[in-house]
Each structure stands twice: as C-alpha cells, then as structure tokens.
Amino acid sequence: MNQRIIAIDQSTSSTKALLFDEQCHLLARTSVDHHQYYPQTGWVEHDAEEIYQNMVEAIRQLIENEERRTLDSQFSIAITNQRETAVVWNKLTGKPIANAVVWQDTRGAELCNELRRMGKARMVFERSGLLIDPNFSASGVRWLLDHTEGARDAANRGELLMGTIDTWLVWKLTGGKTFATDTTNASRTMLFNINTMQWDDDLLGLFDIPRSMLPEVRPCDAVYGETTVEGLFSEPIPIAGVLGDSHGALVGQMCFEKGCGKVTYGTGSSVMVNIGQEPKVAPQGLVTSVGFSALGKTWYGFEGNIYSTGATLKWISDQLEMVGHPSEMEALATSVPDSGGVYVVPAFAGLGAPWWQSNVKGAIFGLTFATTKAHLLRSALESIAYQIKDLVDVMARATGGRLGEICADGGPTKNQFLMQFQADMLQTPVVCTEVDDASALGAVIMNGFARGLWKSFDEVRGFRVVTQTYQPQDCPERFTLYQGWRNAVNQLIK
C-alpha cells in the first residue's frame, strides 16, 4: 500500500495542505487563507477556530482532488506551523477565550519593558535562549489572562489550556485526547528551559502563567495521536511529526550538521544555523532555540527573526493596491536601474533581530519628485535582502566566518531579482530547492522518522533537489547601498 503524507503548513496568512509520497515527492497542494484582525495599532490577531476549519477544508480539497490516485493509499498527517502565535482555550467548552495573539502582535511590549527594567533579561536569556520580547508567546498569554473577563480565575481553577497553533490543531484533531507540543515550538514561548528541556517554573512565575495550562513536550519525530479529520477518513489516521515552520525548513533543507544554515522567506523571515547538540549563548542580536529533536537527539540553532518581509509585499499589493499581486512586483522593480535612493524600512510590527526594537514604526526615506512606483516597489524588495544581510553578517561572525552558502525557501524565492540581489549583497551563493515549502518537507521527514519509514539522516538527504543557485555577481555599489540602509534604520532605532 502506498504511503501518503499530508503535511499541514499552517502559516501566518494561510493554511496549506500538501500531499507527499514516501519518496518525498510533492503530489498536490491546496491552500485556504484566513482573516487578519488588527483591532488596535500594534495588535494582530487570528481566529483559531477559523484556522482549524480551514485546515479541515484544505485537507478535504486535497484528498478529493487526489481521490483516484490515492484509493490504495495509507495516509498520515504531519504539521508545521507559524510559531509563537498563542491560543488560550477552555478545555471544558473547547472554545478559545479570545482570538489568538499573533507573533507580530506588540501588546506585550509594556510588560516586556517592565521585566527588562526589573533586571530579568539575563535570567530569561540564559534559561530560554530568548530575549524578552513580545514576539514570543509568554507576554501575549499573560495579557489574555489579565484582560479577558474571568480568564485569570478559570486559569487558576485549571480550566484553561494554552499552546502554539500546533498544540491547538492536534488537540482539536484528536478530540482533546492529545495536549502536546514539540520541542521547537516550546522553545519559542519564553517559558521553556532549553538546558533542562522542561517548562521552567521560574519563567512561568515571572509571567504568572499556571503550569496546568502547559502542554506535554514531545520530540519532533513523535506520534501525536490519531484523527479522522472530522470524518473525512473512515478510519483514524496517525498524526506524526510536528515542528515549527522555521525548524521545518532547517530540516527540509537538510541542515543536519553543525554550521549548516538556511533562510526562510515568508510573512517574516528566519535565518537559522545549526550549532550542534549543545545549547550555546547566542551573540548579541540573535537567540538560541531548539533546532529540532529527532532520532533520540536534540540539535540547537542560532536564529534571527525578521518581522516583515513577505508581509511587506502583501501590504503593497493589498493595502496600497500598487499591484494586483506580489508576483507582479519583479517586472516593475526591474524596469528601473536602482531604487533612486529610496529606502523602505518595514517596521510594521517593530524591528526584529538584530535590533529588537518593538516600538519602532515603519518609514520610507529618500522620496523625491522623481520617485516612481517602480522605485518604491524595488526598494521594498531590496529591504528584504538588507534585513537578511543584517542577520547573516552577525551569524557569520558568530560561526567563524562567511557562510559557504545560504539555503533559501519560501514564496519570495520565485522572485529572481530578489534572489540575485540577495546573493550580491551577501557575496554568498543562494541555493533554491525544488520544494518551495521546505517547512512542509521537514515535517514530512519527521513524520517518516516517527513511523519508521526512514531511520537515518543519510536516507533522506537525497530528497532535497536544488533547482537554481544564484552566484554573487560583482556589485561594487553594494557597500554604498547597504550603508544607505543602515543610515535609514539608525534614524528609527533608539
């Protein structure tokens, strides 16, 4: 019987269902967008119930489209998800107490500032590997408990549960039988001790979050339960393989050895490099997270996160309506030789690594009467490459020199101008692979490990197929261009 793995890639903007075979060939995919809620400046919310229903719908479309091909197939589900976005729900009713607080949300900034003033930054950094920042889950959960009527009392009575999106989806899929997360998602909450690999009582106390709300933590390559997906399957199928999206991309890009790194271009972007099986103190501007846990071992990673990359392109198309779709930007951007001195600093939700300035707002510098739409679009694309360079430079210094190559994945990698500009700015080859959704491929690999399809990293290395490598070209103006970017950022940060 054929093995068919449904990889759920639950991202910030949509829920994708991707069908892979046992050789990790992508057979089909579907996608369902969900709403973005912005109730106040700096607030970003998702409806967790909508996300779950969208996941069910995406799976329904996928298996209906593939019905003839998959009649003799055995299915399982793997999950990779947007990280840090926090859901709090009542385990008795099964309903969220409020919309999910998205990782881009900054409502926890005041609490984070207060904790830093109290001198808690070092303790949080040493235990969680993270900087105190509203990007991570803890401050959002604390805010919901403090500002949702009856939530604090319900939490103290043990009636509330919290989790990242993976936890919520698994809990719903299993009818509440499995309340668990994986090590990678846990390591992004600011509540998990990456040295002991346990929830940390002192961190829980710091954010006043009852331990009873926290899920069990399992390896990425664990079996998480069974589901019929609301009756779509006549018999329960296994849920196996769970990890955060950036970590899924690290696995999907086959970064199994110390020193291997990747860039995920999504709504935001993650630069992550494998640092081996010992947690190390990250250099300034970076954090340390669990890279992945598999085959009985745990690998760690240095990581930097950028809040707005693909989101910038979506803002231009959806909010400003300067193009009908982000895919139209490349032709316009390349219609001019440069950005005309325009710099977009897309700090819509503050600036992430290496700046960590959550209160900064976005800005555009260098506008003149000569500025055209093409210049603005080009500068928006260039802002992605500049932000990646900010992080890769720090990463390279931390690991002893320039990285040999950058493995790239995500929708924006289809933009050839962006990828070539990225390679030129880094003076490092940028390698794109056959599967744009490397996060989903990583989840599939963990699914196969969990179910015994493969037993070693060597068995899966060949599943990564390089489609294009962008070699850096001589770009003498890159120093001037990048200095202009840094000057623009320096006008905003404190």
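Among 361-367, 340-346, how do they line up by average Cβ neighbours within 10 Å per residue, starting with the highest?
On the way: 361-367: 15.4, 340-346: 21.9.
With the highest mean Cβ count within 10 Å placed first, the list reads 340-346, 361-367.
Calculate the spin-label point distance for residue 116 paired with residue 397, positioning each point 7 Å from the Cα along the beta-carbon direction, and give it in nanometres.
According to this spin-label approximation, the distance is 1.9 nm.
Calculate the all-directions average of the projected area of the stretch 427-484's alpha-carbon convex hull, and give it in nm².
On the way: hull surface 23.0 nm².
Average of the hull's projected areas for the stretch 427-484 equals 5.7 nm².
Divide by every residue of the chain the summed helix terms, -39500 (n - 2.57) for each DSSP H run of at least 4, and state the resulting mean residue ellipticity at 222 nm, rounded to the nearest 500 deg cm²/dmol. Please report the intermediate quantities before stating the final value.
Details: 15 runs with 152 residues, N = 494.
Value at 222 nm, helices only, nearest 500: -9000 deg cm²/dmol.
Where nothing but the Cβ of Lys and Arg (+1) and of Asp and Glu (-1) is charged, how large is the charge dipole of the chain around its Cα centre, in debye to the nearest 20?
Details: 42 positive and 56 negative charges, 211 e Å.
Dipole size: approximately 1020 debye.
I need the peptides 186-193, 174-181, 427-434, 348-355 ranked by packing, meaning the mean over residues of other C-beta atoms within 10 angstrom, with the highest value on top.
Most protected by this proxy first, the peptides run 186-193, 348-355, 427-434, 174-181.
Highest mean first, how do 157-163, 309-315, 196-202 rank when packing is the count of other Cβ atoms within 10 Å averaged over residues? Before the final figure, lay out each step's value.
On the way: 157-163: 20.7, 309-315: 22.6, 196-202: 14.0.
Order by mean packing, descending: 309-315, 157-163, 196-202.
Skip the ligands, DNA and RNA, and give the accessible area per residue of the chain with a 1.4 Å probe, whole Å². Mind showing how you got there, number by number?
Values: 18730 Å² over 494 residues.
It amounts to 38 Å² per residue over the chain.
Quote to one decimal, in nm, the extra length available between residue 223 and residue 455 on full extension: 0.36 nm per residue of separation minus the C-alpha distance between them.
Details: separation 232, 0.36 × 232 = 83.52 nm, distance 1.50 nm.
Once the chain is fully extended between residue 223 and residue 455, it gains 82.0 nm.
Identify, among 136, 99, 41, the residue whose Cα sits farthest towards the positive end of the charge dipole of the stretch 26-164, taking +1 on the Cβ of Lys and Arg and -1 on the Cβ of Asp and Glu, with the dipole about the Cα centre.
So the residue furthest toward the plus end is 136.
How large, in percent, is the carbon and sulfur part of the accessible surface of the stretch 366-494 at a probe radius of 1.4 Å? Could the numbers behind the result be given before it?
Values: 2680 of 5420 Å².
Reported share for carbon and sulfur atoms: 49 percent.
Take the residue pairs 95/262; 120/314; 16/389; 314/361; 262/414; 314/373 and return only those whose Cα atoms are more than 27 Å apart.
On the way: 95/262 37 Å; 120/314 36 Å; 16/389 29 Å; 314/361 17 Å; 262/414 16 Å; 314/373 15 Å.
Listed pairs above 27 Å: 95/262; 120/314; 16/389.
The values are calculated or read from the model by the stated rules, or taken from the named source; none is laboratory data. Everything quoted here is computed from the prediction, not taken from an experiment. Reconstructed Cβ throughout: ideal geometry from the backbone, glycine too, with neighbour counts over all protein chains shown. Quick note on the areas: whole protein, heavy atoms, side chains included, nothing else; ligands and nucleic acids left out. Shrake-Rupley method; radii C 1.70, N 1.55, O 1.52, S 1.80 Å.
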